[in-house]
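What follows draws every value from the coordinates through simple rules; no lab data is involved. Everything numeric in this text was worked out from a predicted model, so none of it was measured. In this analysis, Cβ positions are derived from the backbone assuming ideal geometry, glycine residues included, and neighbour counts consider all displayed protein chains.
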Amino acid sequence: MASALTTAALKQIEATLPAAQAAGLATNLIEMQKAIPSTALGTAAASAALAPTTSGEYRMAIANASETNTLAAPAFAGQIVSFGVDSRAGSGTRAITASAAVNATGNTVLTFNATTDTCTLLAVTVAGTVAWRVLYNDGVTLS
């Protein structure tokens, strides 16, 4: 997991929120990232059920096929899990289906189709239930 928020993430926050809120949120996220140890959760093998119990990062090697994973509900509020692609063969894709919506739109599927695709999820409490929400997305298709 990155030790600092990327420039792209900061720009996305600034474009979405009023300046004062964006600055405060960016500062809080940076401090939160510093407090969370970087943990490699391992390789997210195709067809594996992913059930992280800590914060950390999954890496993927995508074959020249349509691959899938499932993602369990978060273990606790404040948990942060990132996904990134190490390699991709041909026109392969990886679709990770979360146990519940990852945004207010109701999307549950994150589709990775390039080696530059990255997505970070944050566990928050929504209507009394701990659920994943997209914290950062660069290139991942949500559906």
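Just wondering, is there one or more residues in the range 55-68 that are of a type in the set (S, T, N, Q), within 20 Å of residue 133 (Cα to Cα) and surrounded by 20 or more Cβ atoms within 10 Å (Cβ to Cβ)? Yes; the residues of the range 55-68 include at least one that is of a type in the set (S, T, N, Q), within 20 Å of residue 133 (Cα to Cα) and surrounded by 20 or more Cβ atoms within 10 Å (Cβ to Cβ). Would you list the strands (runs of 3 or more DSSP E) that sit entirely within the range 84-143 and hold 1 or more residues that are out of contact with any Cys (no Cβ under 9 Å at 6 or more places or on another chain) and over 26 Å from residue 64 (Cβ atoms)? In the range 84-143, the matching strands (runs of 3 or more DSSP E) lie at 118-126, 129-138. Hey, could you check the range 115-132 for residues that are surrounded by fewer than 16 Cβ atoms within 10 Å (Cβ to Cβ) and not hydroxyl-bearing (Ser, Thr, Tyr) and say which is farthest from residue 75 (Cα to Cα)? Going through the qualifying residues, I end up with 127.
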